[in-house]
Amino acid sequence: MRKIVIAGNWKMFKTQAESKEFLQGFLPHLEETPETREVLLCPPFTGLSVLSKYLHGSRVQLGAQNLHWEEFGAYTGEISGPMLSEIGVRYVIVGHSERRQYFGETDATVNLRLRAAQRHGLMPILCVGETKQQRDAGETESLIINQLDKDLVDIDQENLVIAYEPIWAIGTGDTCEATEANRVIGLIRSKLGNPNVSIQYGGSVKPNNIDEIMAQPEIDGVLVGGASLEPESFARLVNYQEL
């Protein structure tokens, strides 16, 4: 059974005080959210503890933006699975394009992080997607298939979420057409061993396009950046209208 997962990725935004203020404005909106929708917030590491405290007993699950593949060690600036699970983290984003682009993430390290997440009882959200140059060169399909082949080695697809994020649409306002996102996500699903993996779309998702995106039959949710930073905006995404 495919689950609808609406996730907010706050990236490097919001102090602890700002996180608490966000929840005060956002949580009341969940009273109208269908139970079938999983709602998830992924704050910076400094916000995890405060969100864990204030989300306890709520509808909202807690996610992290990254994790290391070792349980402990001399890895300055990294964080491990046990450190995340100890404070109530349930999900973790792995292989986001910004990690790949700016911090040297490779398919090999993505695979290690995915394994670590599952080993420690965390649900990984694997991000895949192409650049504008790759799309223009007609390489979208081959690139994504190659990412999946490398990233999913020895990964349990019963405990996995995938996010298709065309890199050219992230934070640019240039949203991938809903029908095209649906086509690529259908391709991703066809390459999986488990057809019930939830597959999200991410890339300039906004209140004015969420209904059309979620009307697509292959799309099981969204992974949202900027539009998740304001309570009313994220509430509109969570409470999208079924067309």
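Kindly state which helices (runs of 4 or more DSSP H) lie completely within segment 32-140 and contain at least 2 residues that are in contact with a Lys or Arg (Cβ under 8 Å, 6 or more places away or on another chain) and closer than 17 Å to residue 10 by Cβ.
On the way: elements: 48-55, 81-86, 97-102, 107-119, 132-136.
In segment 32-140, the matching helices (runs of 4 or more DSSP H) lie at 48-55.
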| task | Looking only at segment 3-19, count how many residues are surrounded by 15 or more Cβ atoms within 10 Å (Cβ to Cβ) and either touching a Cys at 6+ places or on another chain (Cβ under 8 Å) or closer than 26 Å to residue 34 by Cβ (or both). | result | 8
| Out of all the residues in segment 95-124, which are buried (at least 21 other Cβ atoms within 10 Å of the Cβ), within 16 Å of residue 167 (Cβ to Cβ) and among the hydrophobic types (A, V, I, L, M, F, W, C)? | 110
| Of these, 165, 141, which one is charged (D, E, K, R), in contact with a strand residue (DSSP E or B) (Cβ under 7 Å, 6 or more places away or on another chain) and touching a residue at least 40 places away in the same chain (Cβ under 8 Å)? | 165
| Within segment 1-31, which residues are closer than 30 Å to residue 218 by Cβ, part of a helix (DSSP H, G or I), of a type outside the set (A, V, I, L, M, F, W, C) and in contact with a helix residue (DSSP H, G or I) (Cβ under 6 Å, 6 or more places away or on another chain)? | 29
| request: Answer yes if at least one residue in segment 183-198 is aliphatic (A, V, I, L, M), touching a residue at least 24 places away in the same chain (Cβ under 8 Å) and closer than 27 Å to residue 21 by Cβ, and no otherwise. | output: no
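Every number here is computed from the coordinates shown, using simple stated rules; none is lab data. Given the structure is predicted, the values throughout are model-derived calculations rather than measurements. With ideal geometry, Cβ positions are generated from the backbone for all residues, glycine too; neighbour counts draw on all protein chains shown.
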